[in-house]
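Shown next, in structure tokens, is the structure this report addresses.
The values are calculated or read from the model by the stated rules, or taken from the named source; none is laboratory data. As the structure is a prediction and not an experimental result, all values here were calculated from the model. Please note: Cβ atoms are built from the backbone with ideal geometry, for glycine as well, and neighbour counts cover all protein chains shown. Accessible surface is based on the protein model in full, side chains and every heavy atom, while ligands, DNA and RNA are left aside. Shrake-Rupley method; radii C 1.70, N 1.55, O 1.52, S 1.80 Å.
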Amino acid sequence: MTASRPWSTSSLPVERAKHRDTYLTNLAWATERAATAGVDILIEPINGRDMPGYFLNTQAEAHAVVLGVGASHRKVQLDLYHCQIVEGDLTATLRRDLPTGRVGHLQIAGVPDRGEPDQGELNVRHLFDVVDELGFDGWIGCEYRPRAGTIEGLRWLHDYRSRRGQNA
């Protein structure tokens, strides 16, 4: 293991170290194939509340993996739902991580219930303003459970765009 790897085996239980090694080996395999196909690989930290035992939980862990390999087509998926649950401080996370070029995709959902992103703990208007200010030109995906079906569940976007003077 090189010093650039994100986790040290001396501080991890044997099982965690084994999982880390398997994860990095499989990711290296997938990254090689993706490079050949000309596509990016995204890795996504997921909170342990929704998915107990999931290996990658924080943005720092994900960015360390991307930096440790140095593959330009390996990126982090910054899911604001998971990040809020695990780390909070989303504005600081966006300001820290978006300018690095390592974030390949943003994803949103409302916290704490994974509903529409305009309800709950997130101020989606503020977060989108920060994303725009930082010049992120990638995709922002939605992964939430609409309360009243898909069409009604997209009303927040229509309202958001109408307030900004964009075509809804």
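You can think of it this way: the chain between Ala17 and Arg96 has 25.6 nm of extra reach, that is 0.36 nm per residue less the Cα-Cα gap.
When the convex hull of its Cα atoms is viewed from all sides, the stretch 87-168 shows a mean projected area of 5.6 nm². At an R0 of 45 angstrom, the distance between the Cβ atoms of Glu121 and Thr36 translates into a FRET efficiency of 0.65.
Subtracting the Cα-Cα distance of Arg114 and Asp50 from their residue separation scaled by 0.36 nm leaves 22.0 nm. Counting only protein heavy atoms, what percent of the accessible surface of the chain is carbon or sulfur at a 1.4 Å probe? Answer for the chain is 52 percent, counting heavy atoms of protein chains only. The equivalent ellipsoid of the chain has semi-axes of 31, 18, 15 Å, largest first, where each one is the square root of 5 times an eigenvalue of the Cα gyration tensor.
In this simple spin-label model, placing a label point 7 Å from the Cα along the Cα-to-Cβ direction at both Arg147 and Ala28 gives a separation of 4.8 nm. Rolling a 1.4 Å probe over the protein chains gives Asp113 an accessible area of about 80 Å². Excluding ligands, DNA and RNA, the accessible surface per residue across the stretch 8-137 is 49 Å² with a 1.4 Å probe. Packing here is the average count of other Cβ atoms within 10 Å per residue, and on that basis the peptides 76-85, 39-48, 125-134, highest first, run 76-85, 39-48, 125-134.
Within the stretch 36-143, antiparallel bridges make up roughly 0 percent of the DSSP beta bridges whose residues both belong there. Taking Cα atoms only, the orientation of helix 59-69 departs from the longest principal axis of the chain by about 50 degrees.
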